[in-house]
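Let me begin by presenting the structure, written as structure tokens, before commenting on it.
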Amino acid sequence: MTAPSIAAVVIGRNEGERLIRCLRSLHGQAQPLIYVDSGSSDGSAAAARALGAEVVDLDLSQPFTAARARNAGLAVLGERAGCVQFVDGDCEVDPDWITTASAFLQAHPQAAVVCGRRRERFPDASVYNRLCDAEWDTPLGEAKACGGDALMRVAAVRAAGGYRGSLIAGEEPELCLRLRRDGWRIWRIDAEMTLHDAQMQHFGQWWRRSRRAGHAFAEGAALHGAGPERHWAAETRRALFWGAALPAGIILAGLMNPFLMIAILIYPAQFLRLARRMGYSQALFAVIGKFAEAAGAVEFYWRRWHGRARGILEYK
């Protein structure tokens, strides 16, 4: 079987040196190399052109989303490659990744998507970076979804309709769900894929990222939660229960009988339960994160009730 040709679509905005490192890591691994810029003001588009990339300036008259940017790159790619490596502009691709991933797709004709290990470049720079690194250490084998970095079959993605451009987050799992409905498989293999530079130094950045996740959970559940996959239905319920319904119930009960405020101890109990499985830092932020996720979910429902879409929620 002839190996498919490999292209790359990189998306970014004001990534600076991170983008240059990303594009250089793809030289010799993917052709054509397409960079979709979303209104950068730091010269990213010019730097990409100087490195030989085809640059697409995303039309910002419509609300920006990463999903729209990836679709724009896919449209410009046309029929020039059989597979495409999607990469976020703050990531560096491992020199052996695309060869390894392409060989896997060749050997597994029912696989539409293959991803590997995305690592945080500076995990010790902050607790938030370490949380990202742990989050990306997903189980090996057949998976339900991938993240922003993955090698995909172009024909499969197009047949599924591409990314859902309106999603501000969670666009990869939503695409993977539709691919699986079409009979394709998603795999996470034991190979180094990318180094990511989160640059999260402050609690507020982590909170916005967690809030965005809650918004994605609720929107994903609204789209596919009633289907057989129950897409993100459980995640949405957990966020709303731990981050909204339970604290509201405890406060109301405490107003009627102050002694009932003792129920607040369920949170440290939950922390200790999780700490046995994931360690103290991850457990602490898992508990706190439910409040941010609930805020994101509630915002989604509020905006949907009023017929207003939310713009991109960035943490950098």
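The values are calculated or read from the model by the stated rules, or taken from the named source; none is laboratory data. Keep in mind it's a predicted model, so treat the numbers as computed, not measured. We place every Cβ from the backbone using ideal geometry, glycine too, and count neighbours over all the protein chains shown.
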- Task: Look through Arg277, Arg238 and report the one residue that is outside the structural domain of Phe64 (by TED's automatic domain parsing) and at pLDDT 95 or above.
- Result: Arg238
- Note on the structure: The condition from (1) of a type outside the set (Val, Ile, Thr); (2) out of contact with any Phe, Trp or Tyr (no Cβ under 9 Å at 6 or more places or on another chain); (3) more than 26 Å from Ala198 (Cα to Cα) that Phe122 misses is numbered (3)
- Query: What are the residue pairs meeting all of these: first residue in the range 293-316, first residue of a type in the set (Phe, Trp, Tyr), second residue surrounded by 15 or more Cβ atoms within 10 Å (Cβ to Cβ) and in a helix (DSSP H, G or I), Cβ atoms under 7 Å, and 6 or more apart or on different chains?
  - Reply: Phe300/His215; Phe300/Ala218; Phe300/Glu219; Tyr301/Ala218; Tyr315/Gln205; Tyr315/Arg208; Tyr315/Arg209
- Task: State which residue pairs qualify: first residue under 24 Å from Arg13 (Cα atoms) and buried (at least 24 other Cβ atoms within 10 Å of the Cβ) and inside the range 86-99, second residue of a type in the set (Phe, Trp, Tyr) and modelled with pLDDT of 95 or more in any location, beta carbons under 9 Å apart, and separation of 6 or more residues or different chains.
- Result: Gly89/Tyr35
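For every residue, the table says whether it meets (1) touching a Cys at 6+ places or on another chain (Cβ under 8 Å); (2) surrounded by fewer than 16 Cβ atoms within 10 Å (Cβ to Cβ); (3) within 26 Å of Val127 (Cβ to Cβ).
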residue: Gly225; (1), (2), (3): no, no, no
residue: Trp242; (1), (2), (3): no, no, yes
residue: Pro247; (1), (2), (3): no, no, yes
residue: Met256; (1), (2), (3): no, yes, no
residue: Met261; (1), (2), (3): no, yes, no
residue: Leu265; (1), (2), (3): no, yes, yes
residue: Ala286; (1), (2), (3): no, no, yes
residue: Ala294; (1), (2), (3): no, no, yes
residue: Glu299; (1), (2), (3): no, no, yes
- Task: Being of a type outside the set (Val, Ile, Thr), touching a residue at least 24 places away in the same chain (Cβ under 8 Å) and surrounded by fewer than 20 Cβ atoms within 10 Å (Cβ to Cβ) narrows it down to one of Gln29, Gln62, so name that one.
- Result: Gln29
- Item | Check on Gln199, under 17 Å from the mean Cα position of the chain (by Cα), outside any helix (DSSP H, G or I) and not small (Gly, Ala, Ser) | yes
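Among the residues that make up the range 72-83, is at least one of them under 20 Å from Gln199 (Cα atoms), in the same structural domain as Val154 (by TED's automatic domain parsing) and in contact (Cβ under 8 Å) with a residue 40 or more places away in the chain?
Quick first cut of the range 72-83, residues under 20 Å from Gln199 (Cα atoms) only: none.
No, the range 72-83 contains no residue that is under 20 Å from Gln199 (Cα atoms), in the same structural domain as Val154 (by TED's automatic domain parsing) and in contact (Cβ under 8 Å) with a residue 40 or more places away in the chain.
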- Task: Determine whether the range 44-61 contains at least one residue that is in a strand (DSSP E or B), under 30 Å from Gly183 (Cα atoms), assigned by TED's automatic domain parsing to the domain that holds Gly165 and touching a helix residue (DSSP H, G or I) at 6+ places or on another chain (Cβ under 7 Å).
- Result: no
